[in-house]
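Encoded as structure tokens, the structure appears first; notes follow it.
The values are calculated or read from the model by the stated rules, or taken from the named source; none is laboratory data. These numbers come from a predicted model, not from an experiment. Ideal geometry is used to build each Cβ from the backbone, glycine not excepted, and the neighbour counts take in all protein chains shown. The area values use the complete protein model at the heavy-atom level, side chains included, leaving out ligands, DNA and RNA. Shrake-Rupley method; radii C 1.70, N 1.55, O 1.52, S 1.80 Å.
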Amino acid sequence: MTSSDPLFLGLDLSTQQLKGIVIDVSGRTLLETNIVFDAQFPEYRTTNGRHINGSTATAPVLMWVEAIDLVLSRVHSAGLAHRIQAISGAAQQHGSVYWSQQGIETIGKLDTRRQLREQLASAFAILDSPVWEDSSTTEQCQRLEAWAGGSAGLARISGSVAFERFTGAQIMKIKDQSLGIWNRVARISLVSSFAASLLSGAMAPIDASDASGTNLYDIEAGQWSKPLCDAIDPDLFGMLGGEVTMADQIVGTLSPYFATKYGMTLCPVVSFTGDNPSAYAGFESMLKDADQLASVISLGTSDTMLSPLVRYPYASVGLAMDAEHIDGHVLQHPTVPSRFIAMLCYKNGSLAREWVRDNCPGTNLSDSWAEFNQAAANGPLAPTAYGFYYLSKEILPKNAIGVHRFEKTTSSGDIVCPSGASFKRIQSFSATCCDPRAILESQAMSMRLDHSRKSTKPLTAAIVTGGASANPVIRQIVADVLGVPVFAAGLRDSKGLKAGNLAMPAYGAAVRALRRLEPSRVLDGEYVLEQVGWPDGNMHGVYSDAMADFEFLRKHVMQ
């Protein structure tokens, strides 16, 4: 590797910070930098990168402008800017940016002798952009679903029922509340396409995967839903840019403003996408077999499962459209037009596991994960006992709440499951220390159940990430329940694999930039996968036989 070899820049404009990663052609990281908004730009008075006012959540768009300018300055200061051959990025999903006509014209003729913020002061019809934490659009969601013929109708079109944070409802609210502001809007970007537009000096198209988080994109047709757009405003289809793109397509070249200011080439700008799709594509790029159907499971405060789909589950001739089948989200795959991603979110993740560790009857684990694991390793409980732990109102299954335990019984008049077995609801398990095993089985079995409602194609692997992914018992239960090998992502150094806070949305973006120019390049960077779980065939069979009863009892909890 020489000082003139090509480099690739990936950005991630998240809620609290902008992260930048520069990689070489092997995927090795040469620079990683992050700009924390609250600390770097105190004049915007944000808290964790946003303004919260009741149920409204916004972020200053000019703060994002300054952050993008600053991250390129840091790449320049590191002596790497002149070697950047392509740029791509990711951003928080659902947020939206509202350009004025003046702004569209201004970004194509920026002057390096003037401050960027000053030149773009009038570029936006709205200076505080709505972001994903906003929940102020319930009325607009109801209208959107009504226009689509109900929640199932909207899910069939857009991949999701109406959500307050999704962009469609946010756009409706802006038009509802101020026609004066609305009449100044010439173009609407998602946060991802806003960043690509700023960097390229021209309006960049929205990518299909990020468009899937708007409730306005017809996923099966691969285009904006004209009926839904027209219901909001006859001009909305054009204001969204008309055509969408895939996240590995070139959408422009670097603006002469940034090229001149930081000594960069007029390199390609590859489409930006949402942070979740970008992270998923980044993990996929680390698999040796590109055809693997690997799920990415993030185990944190909340748990998220991103799973590949080879067909659109809500197609005209598709899976059932019962209420429980349309929970979760379906997104267009960011780089493969014929594929999709199911995004399944579970609010009760690590906090629920910690509550079981600290509070359940008979455990007395004294904050010890070692003792929790020892208790959890004594299994399986299924098919004779099940537990459901919803300390906060759950996302999947929707609105589930409370702690529920069930044990098999021979008594009559109890809950009869599909297998013919009878179960009774109990306050605590008859054996001590069963809750650790019960919560881990329940969480993994829920993921398997909810994935099966989106896809009939079995997974071939699972990648675990997040704080709880280091737990060996959790890894093994995931392997046994899903019946697939489990891999952990980490950073490779001279001593082998170590856990690390992987900046996967930014890294995935940098890889997309690299692959756009060198599609056959084999990555050999420090971001690697290591197999950490091997499924036990007998255990997998036990869980497979127990799934029908588990599904029945989970539905019983909802009643």
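Descriptive notes on the structure:
- Against the test of being open to solvent by less than 30 Å² (accessible area, probe 1.4 Å) and small (Gly, Ala, Ser), the options Ser160, Ser178, Ser151 yield a single qualifying residue, Ser160.
- Count of residues meeting criterion [open to solvent by 50 Å² or more (accessible area, probe 1.4 Å), closer than 30 Å to Thr15 by Cα and not hydrophobic (A, V, I, L, M, F, W, C)] in the stretch 502-523: 2
- Residue selected from the stretch 49-69 under the condition in contact (Cβ under 8 Å) with a residue 40 or more places away in the chain and assigned to a helix (DSSP H, G or I), by the criterion nearest to Trp99 (Cα to Cα): Val61
- Residue in the stretch 46-64 that is closer than 25 Å to Gly263 by Cα and among the aliphatic types (A, V, I, L, M) present: yes
- Within the stretch 208-224, the set of residues being open to solvent by 10 Å² or more (accessible area, probe 1.4 Å) and among the small types (Gly, Ala, Ser) comprises Ala221, Gly222.
- Candidates Gly159, Gly150 - the one that is farther than 17 Å from Ala59 by Cβ and without any contact (Cβ under 8 Å) to a residue 40 or more places away in the chain: Gly150
- Scan the stretch 399-442 for residues that are outside any loop (DSSP other than H, G, I, E, B) and touching a residue at least 24 places away in the same chain (Cβ under 8 Å) and the total you get is 15.
- Being outside any helix (DSSP H, G or I) and open to solvent by 20 Å² or more (accessible area, probe 1.4 Å) is a property that does not hold for Ala146.
- Looking across Ser129, Ser160, Ser192, one residue alone is under 17 Å from the mean Cα position of the chain (by Cα) and not in a loop (DSSP other than H, G, I, E, B). It is Ser192.
- Of the numbered criteria (1) open to solvent by less than 40 Å² (accessible area, probe 1.4 Å); (2) in a helix (DSSP H, G or I); (3) in contact with a strand residue (DSSP E or B) (Cβ under 6 Å, 6 or more places away or on another chain), the one Pro205 fails is (2).
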